[in-house]
Amino acid sequence: MPVRPIVTFGDARLRLPGAPVTRFDRELGRLLDDMVETMRAAPGAGLAAQQVGLALQLCVIEVRHRLYEIANPRIVHVSGEEDAWEGCLSLPERRALRRRAEHAVMVGQDRHGRRVTVSGHGELARAIQHEYDHLQGVLYTDGLPQGAEILTEDELAERLARDDEATVD
Ligand code: NI
């Protein structure tokens, strides 16, 4: 069962905090393989277990062609701030301007239970924070300021084109 259906916003399974991963066996390896395939097929920069309907502390991230598989993650450092248009595979074709730490460091375990550290800036830092939130049952739209807009990809493209014109006068 390679590519799995992605659970979308409104589904209660996205709100379940994940239980710790305790068995680093072949079954976990198969689940991670499926999560990677599902993320790549979407395509997206990250996927949490909740998004394939499982309440587990498990996520995958792929940014700039580097793949990370992390079980039982903790965020041990954040610094800086950055606003960027963020999206989620569970709310397809939508983006919202979301403030995140510019740098983040996550520690956890790989599929064999070995300790892994993921340290990143910009897009990778954003993915670290976004996926960590999913594992607690938190969605990126939860952290938006009052009145923040959630745009479709088309609306965002128009908005950015208009902003470009506005700055070229
Ligand atoms: Ni997401």
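Quick notes
- Looking only at residues in the range 124-169 that are hydroxyl-bearing (Ser, Thr, Tyr) and assigned to a helix (DSSP H, G or I), the one that is farthest from residue 8 (Cα to Cα) is 167.
- Condition check for residue 43 on (1) within 15 Å of the ligand (Cβ to nearest atom); (2) surrounded by 15 or more Cβ atoms within 10 Å (Cβ to Cβ): one failure, at (2).
- Matching residues, the range 91-113, being of a type outside the set (Lys, Arg), assigned to a loop (DSSP other than H, G, I, E, B) and over 30 Å from residue 154 (Cβ atoms): 110, 112, 113
- Residues satisfying the stated conditions in the range 90-118, i.e. within 13 Å of the ligand (Cβ to nearest atom) and either small (Gly, Ala, Ser) or without any contact (Cβ under 8 Å) to a residue 12 or more places away in the chain (or both): 90, 96
A quick yes/no check of all residues on (1) away from the ligand (no atom under 12 Å from the Cβ); (2) polar (S, T, N, Q); (3) surrounded by fewer than 19 Cβ atoms within 10 Å (Cβ to Cβ); (4) under 24 Å from residue 145 (Cα atoms):
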residue	(1), (2), (3), (4)
20	yes, no, yes, no
23	yes, no, yes, no
67	yes, no, yes, no
71	yes, no, no, no
81	yes, no, yes, yes
88	no, no, no, yes
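- The set of residues from the range 140-161 being within 16 Å of the ligand (Cβ to nearest atom) and in contact with a Phe, Trp or Tyr (Cβ under 7 Å, 6 or more places away or on another chain) is empty.
- Of 76, 60, 116, all but one fail to be more than 13 Å from the chain's Cα centre (by Cα), assigned to a strand (DSSP E or B) and surrounded by 14 or more Cβ atoms within 10 Å (Cβ to Cβ); the exception is 116.
Any read-out appearing in this document is the output of simple, stated calculations on the displayed coordinates, not a laboratory observation. This structure is a prediction, so every number in the text was calculated from the model and none was measured. Neighbour counts run over all protein chains shown; Cβ positions are idealised from the backbone, glycine included.
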